[in-house]
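> Encoded as structure tokens, here's the structure I'll be asking about.
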Amino acid sequence: MFNTRLKQELAALREDLSSLLQVKESLENEMLCLTLNAEGRVEWANANFLQELVYPLSEIVGRAIEDLVPAHVRQDEFQLRFKHALARGEHFAGTVRLLRGNGKEAWLRSIVQPVRNSQGHLKHFSMFSSDLTRTIESSREHDNLITALMRSTALIEFDLDGHVLTANDRFLSSMGYSLAQIQGKHHRMFCEPQEYNSPEYQQFWKRLNAGEYVAARFKRVDSHGRLVWLEATYNPVRGRQRATVQSGQVRHGDHRSGQPRAGGGRRRQHCLQHLPANRRQRPARHHGGDPGRGSDA
């Protein structure tokens, strides 16, 4: 009876071990893996790690992981959390930045797990990572593009009820306002009464709330009461409950005719831009939007 129970327990332990080894093998096949000793020195790295970080195994075995961290980020919050977790023998999950063998930086999303023996003494750390570098670089490029567009584009944001949230300097200077003068005010302050009292104006905001974006030439009024023609797009932004307006060209119109002034009007050119919209679809046609037909859409 005693031997039977031991055999059953042994079989159960073997089954558990087999399951754990399958998980470990799967992780090592898919991820960048390191084993660090209790002092934080590299004991082993898998082929994925060596390939992505451009090192031969012989070059990193025995080196402290801290040696692979770029000097300029060693006081970064996440790097310090990583360092302190190793020093205390604790679990860590977060971003780790390491130098590749070619001198370039790698951003790794990492999980570091301390492994202890049956007496509770720390044996080593297992580190499993995925490379986020391309994602981080793409995000930075996107941020740089948005920054460039913010500098070159007249831009204003409204909530979906039509109240101004913010506007950039380009828009404010074009329309002759400060941000304090328009923030919280309704979009109709930029429109003539016959427009904002029209059924078309109400439908315009219903379309934005439904997720459509609208691109056209719009007749607006600046702080001095002058007519301003904006070639612009209204883009509902998913998840932020707001509409972003980008103006490509700004022309001040003639008070008498309501048309853009030929040649002498102020005109601002910039690069073609696209910001995230609620839905990607063809811009709705804005009937009568051309000032040549006298519409004030």
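> Being over 14 Å from residue 31 (Cα atoms) and assigned to a strand (DSSP E or B) is the filter; apply it to region 107-136 and report the residue that is nearest to the chain's Cα centre (by Cα).
So, considering only residues that are over 14 Å from residue 31 (Cα atoms) and assigned to a strand (DSSP E or B), the one nearest to the chain's Cα centre (by Cα) is 113.
> Only one of these is surrounded by 18 or more Cβ atoms within 10 Å (Cβ to Cβ), assigned by TED's automatic domain parsing to the domain that holds residue 52 and of a type in the set (Lys, Arg): 97, 109, 88. Name it.
When all the criteria are applied, what remains is 97.
> Still on this model: Would you mind stating whether residue 93 is under 29 Å from the mean Cα position of the chain (by Cα), among the aliphatic types (A, V, I, L, M) and either on the phi < 0 side of the Ramachandran plot or in a loop (DSSP other than H, G, I, E, B) (or both)?
Against the criterion (under 29 Å from the mean Cα position of the chain (by Cα), among the aliphatic types (A, V, I, L, M) and either on the phi < 0 side of the Ramachandran plot or in a loop (DSSP other than H, G, I, E, B) (or both)), residue 93 qualifies.
> Taking the conditions exactly as written (surrounded by 16 or more Cβ atoms within 10 Å (Cβ to Cβ) and in contact with a strand residue (DSSP E or B) (Cβ under 7 Å, 6 or more places away or on another chain)), does residue 63 satisfy them or not?
Here the answer is no, as residue 63 does not meet what is asked.
> A follow-up question, please. Where in region 1-90 are the helices (runs of 4 or more DSSP H), entirely inside, with at least 3 residues that are basic (Lys, Arg) and under 20 Å from residue 115 (Cα atoms)?
The qualifying helices (runs of 4 or more DSSP H) are 77-88.
> With respect to the numbered conditions (1) at pLDDT 95 or above; (2) in contact with a Gly (Cβ under 6 Å, 6 or more places away or on another chain), which one is the sole condition not fulfilled by residue 83?
Of the numbered conditions (1) at pLDDT 95 or above; (2) in contact with a Gly (Cβ under 6 Å, 6 or more places away or on another chain), the odd one out for residue 83 is (2).
> Can you name the number of the only condition in (1) in contact with an Asp or Glu (Cβ under 8 Å, 6 or more places away or on another chain); (2) modelled with pLDDT of 95 or more that residue 41 fails?
(1) is the only condition that residue 41 fails.
> Of the residues that make up region 163-178, is at least one more than 30 Å from residue 43 (Cβ to Cβ), in a helix (DSSP H, G or I) and at pLDDT 95 or above?
Among the residues of region 163-178, not one is more than 30 Å from residue 43 (Cβ to Cβ), in a helix (DSSP H, G or I) and at pLDDT 95 or above, which makes the answer no.
> If I filter region 180-201 for residues that are in contact with a Lys or Arg (Cβ under 6 Å, 6 or more places away or on another chain), of a type in the set (Ser, Thr, Tyr), surrounded by 14 or more Cβ atoms within 10 Å (Cβ to Cβ) and outside any loop (DSSP other than H, G, I, E, B), do I get at least one hit?
yes
> Also: State all residues of region 1-38 that are of a type in the set (S, T, N, Q) and at pLDDT 95 or above; if no residue qualifies, say none.
35, 37
The values are calculated or read from the model by the stated rules, or taken from the named source; none is laboratory data. Note that the structure is predicted; figures quoted are calculated from it, not measured. Neighbour counts run over all protein chains shown; Cβ positions are idealised from the backbone, glycine included.
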